[in-house]
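Everything on this sheet refers to the single structure shown next.
The values are calculated or read from the model by the stated rules, or taken from the named source; none is laboratory data. Just so you know, these numbers come straight off a predicted model, no measurement behind them. Virtual Cβ from ideal backbone geometry, glycine too; neighbours counted across all protein chains shown.
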C-alpha cells in the first residue's frame, strides 16, 4: 500500500484523536465574550454530547457515536461535530449521508479549515462520490412525495437528481388520490439511473381521518410519507396502511396499522407519547418487508423512534427465510439492526436461476467408537480397564450440486482406530487353567475408505447440511496381547507315582495373524457452516456411522496355532527344587472374534470450494 493511500486511510482516525481539544480549549472566535446564559447552556450541552461521542468512538460504537455528534450539531453546530458526524457515517458505510455532511462542512466552515484538513475533506468527498450514484425521478403528477429506502427525499419536481449509495434501493412515490408507486432499482457508483412513472388515480378508495387524542398538531406519516398535519383527512387505497405521528423532539406515536374500506371513512385517534429509543432497521435484500410490533412499516430501510423497552421485529421477503427477533431498546441510544436474510434454497425462484456445479471439500476430524464389537469387548466386565476405540477419519470429497440444496458426492479418505483393554482372562494347557488378571489386549485398524453420499443444504450464509453416507473401508487389523499368567507346571515321576504340581507365574504373549477386512458402513451426518464468499465456506459437523465388520476369529501366527481361532503358545518349563523340570504345557486362549457390528462417531471440520 502506497504512502499517500495509507495516509488517507488513517487520517479520519487522526481527526478523531485531535478533536477532544475542542471540548477543552475551543477557539476564542467560537465563544463570544457577550454570550447570554441560554447560549452558554446550549454550548455546554453540545460539548457534553460531543465528548460522549468521542468516548463511544474509542469503544468502537460508531452508531451511538453518530447519534451524539448529530445531537451536538443540532444543539449548537460546530466544525468538529460536523466533521466527526461525517466520519461516523462513512465508517457505517452510509455514504450518501456522509457525502452530504462533508459538503455541509465545507459550506459552513470551509474558510476556517486548515489547508491540510481541507485537503483531507476534499479527498474524502472525491472517494465518496465514487461510491455514490444518482436517481433522476421523473414521476407525475407534480406534488408526489418521493421516499427512498424509507427516507422521504422531497416532492416532485425535484431540483436535482437524488444521491444514493451504490446498490439496490426501494423507491416509492405517494400522492393522495393516487395508487402508491413502488419499484426496486440497482445503481452503480457514479451512475445516473432514471425512475419514470405516472401515478394511477385511485378507483377503489376510502377515507382516513387521523387526529391526536389530546388535540395536538403533529405530522401525519402514512406508509412512510408525510401527508399532512393532525387533524388530517384524505383518500387512501382500500386495504391496510401504517400510520404514525411525528412531533417535535421525541414526541410521537409508534406505527399503527389501520384498514381502509371502500367508500367508508375510517377514523383513527392516536395519543402522542415520548418515544425515547431511536432505531434503524437495515434489511438485505433492500426490498424486504419490515414489521415492527406486528405492523408493516414498509419495504427496505426503516428509521424511526419507539418507546424504550421490548419490541418485536420481523423481516420477510419471498424466496428468503423470515427473520424474527425480540429487541430491547434503551432510552437515548440508537439501535441499528442489520438483517441479512438467508435464501430459502428450496424456493422455486432460486431453482430456476441456479447453475449446477462441481465442488471440493477437505474434511478431517477424530473418530470414536464405544467398542469394536469383538470378543475383547464382549468379555469385558466391571474388572476391565478400557481405552475405547479412538483415531481419525480424514479425506477429500468431490461433489456435484444439482440444485441449490441437493448434492451428490464421493469421499476418498482413510480411517484409523486403536482400542486397548486390560482385563482378566483364563487360558488352559495340558496342566490345567492359567489365569491372568492384567491381560492387555490392543487392536489397531488402518485403511483407505470410500463413500458415496447424498446431501441437502439449507440456508446460504450459514449453510445447514444433512447427509447420508454409504461406503466401505478396506482395513488392516493388527492385534497385540500379553499378560502374566499363573497356573501349575506338572512333573511326572516314573510310574506308579502321581504327577506333582509346581506353582508358576510367567509372562505370555501370542503373536497373531493380521486381518484384512472389508467393512461396509452407512449413516447420517449433520453440519453447520459459514460462507465467506461465493466460492469458499467452512463447516463443522458430526457423522454417526454403523460399521458392519465381519465376525472374523482371531488366530495366532506361530507354529502352535494350527486352526482358525487358535491362539496358542508354549509356556516355559519350571525347574523344581530337586532339579527336575516341571512341564507347563501349551497355553491356549479362548476363541474370540476380532470385530462385530459397531457404531462410529466422527466429528469433523471441513473446508469447501465451489467452482
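So here's what we get for this one:
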{"item": "Top-ranked residue of region 213-246 - restricted to ones that are within 37 Å of the chain's Cα centre (by Cα) and assigned to a loop (DSSP other than H, G, I, E, B), ranked as farthest from residue 257 (Cα to Cα)", "result": "224"}
{"item": "Checking residue 527 against (1) farther than 30 Å from residue 426 by Cα; (2) modelled with pLDDT of 95 or more; (3) surrounded by fewer than 20 Cβ atoms within 10 Å (Cβ to Cβ), the condition it does not meet", "result": "(3)"}
{"item": "Some residue of region 79-95 being part of a loop (DSSP other than H, G, I, E, B), in contact (Cβ under 8 Å) with a residue 40 or more places away in the chain and in contact with a helix residue (DSSP H, G or I) (Cβ under 7 Å, 6 or more places away or on another chain)", "result": "yes"}
{"item": "Scan of region 556-611 for residues that are under 60 Å from the mean Cα position of the chain (by Cα) and free of Cβ contacts under 8 Å to residues at least 12 places away in the same chain, ordered by number", "result": "563, 564"}
{"item": "Some residue of region 141-148 being part of a loop (DSSP other than H, G, I, E, B) and surrounded by 22 or more Cβ atoms within 10 Å (Cβ to Cβ)", "result": "yes"}
{"item": "Residue 137 vs. criteria modelled with pLDDT of 90 or more and under 30 Å from residue 332 (Cα atoms)", "result": "no"}
{"item": "Any hit, region 348-368, residues being touching a helix residue (DSSP H, G or I) at 6+ places or on another chain (Cβ under 9 Å) and at pLDDT 90 or above", "result": "no"}
{"item": "Candidates 423, 386, filtered to the one that is assigned to a strand (DSSP E or B), in the same structural domain as residue 573 (by TED's automatic domain parsing), in contact with a strand residue (DSSP E or B) (Cβ under 8 Å, 6 or more places away or on another chain) and surrounded by fewer than 20 Cβ atoms within 10 Å (Cβ to Cβ)", "result": "386"}
{"item": "Which numbered condition residue 120 fails, given (1) under 36 Å from the mean Cα position of the chain (by Cα); (2) surrounded by 15 or more Cβ atoms within 10 Å (Cβ to Cβ)", "result": "(1)"}
{"item": "Residues (closer than 20 Å to residue 238 by Cβ and in a loop (DSSP other than H, G, I, E, B)) located in region 254-299", "result": "255, 261, 262, 263, 264"}
{"item": "Among (1) within 30 Å of residue 66 (Cα to Cα); (2) modelled with pLDDT under 90 - the single one residue 384 does not satisfy", "result": "(1)"}
{"item": "Matching residues in region 34-57 - criterion: being touching a helix residue (DSSP H, G or I) at 6+ places or on another chain (Cβ under 9 Å) and in a loop (DSSP other than H, G, I, E, B)", "result": "35"}
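Table: residues versus (1) within 24 Å of the chain's Cα centre (by Cα); (2) without any contact (Cβ under 8 Å) to a residue 40 or more places away in the chain.
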position	(1), (2)
311	yes, yes
318	yes, yes
321	yes, no
338	yes, no
341	yes, no
360	yes, no
376	no, no
390	no, yes
417	no, no
